[in-house]
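Structure record follows, encoded as C-alpha cells.
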Amino acid sequence: MNTIARGARTVGRGVREALLTLAALGGVVCIVLVIMAYTGGYSLIMFKTGSMSPTIPAGSVALVQKIPASDVVVGDVVTVDRPDALPITHRVIAVEATGDADARTIRMRGDANDVEDPDPYVVEEVRIVRGSLPGLAYVVVWFGSPWVLGGVTLGATALVVWAFWPRNDRPSPSASGVQEVRADELTAGGALRRDRRS
C-alpha cells in the first residue's frame, strides 16, 4: 500500500511540475510580447481571408512591426490602415515619393489576387510582416471566448493553490524505522542515557 501511495505522490508531483512549467512558459511568452510591443512597435494580426495565400493562408497569425513608409520596398508584405475600412495586408508592388518627405504612395496586390488593389495608399507608416504561423488565428479566437477565459482563470487559480498547498511528503519516523527519543533520555553530550534499572 505504501508503494502505491508513494507512486501516486510521484505522479502527482510530476503532473504539478509539468503544469507549472507550462504556465511559466506561457507567462514568459506574454511578457516578451508586451516588451516587444512597447519597445519595438510589434503587434499581432489575424488573417480572415486567403488573399495572401499560399504565403499567408487564411487563419494565420502574423507578427508585424511599425516602420516608416520611407523604409518600404517593393516585395514587402505590409499592413495599411484604411480610414473607412478594415486594415489590409498585401504585397507592395510599387513605391512612389510624394510631396511630403515622410509619406509614400504605395500600390499593393494580394498574392492570390489577379489584379492589384483598386486605389493606391498614401501612408507615412505601415506595419511590415515579420513572420506568420498558419492556423493560429483559430486558437486565438477560441481563447477569446468568455467561457474559455473564465475556465483558464479558474484552472490557473486551482493550479496555484494546488502547487502551494501545505503538504507533508516526508515519511513519519515510525514508517522509516527510526525510533523517537525523548529529550529527558539524552545526556548533556547528546548520547543516549543507559537504563540501569533492572
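We did not get these values from a lab; they are worked out from the coordinates using the rules stated. Please read all numbers here as calculations on a predicted model, not as lab measurements. For neighbour counting, all protein chains shown are included, and Cβ atoms are generated from backbone atoms with ideal geometry for every residue, glycine included.
Annotation: for a label point projected 7 angstrom from Cα along Cα→Cβ of D100, residues of the range 44-72 with backbone N closer than 12 Å are 69-70. Placing dummy labels 7 Å off each Cα toward the beta-carbon, the span from A158 to E124 is 5.2 nm. Quotient of the Cα radius of gyration of the range 41-140 and 2.2 N^0.38 Å, N being its number of residues: 1.04.
Each of S43, S51 was scored by other Cβ atoms within 10 Å of its Cβ. Arranged with the fewest first, they read S43, S51.
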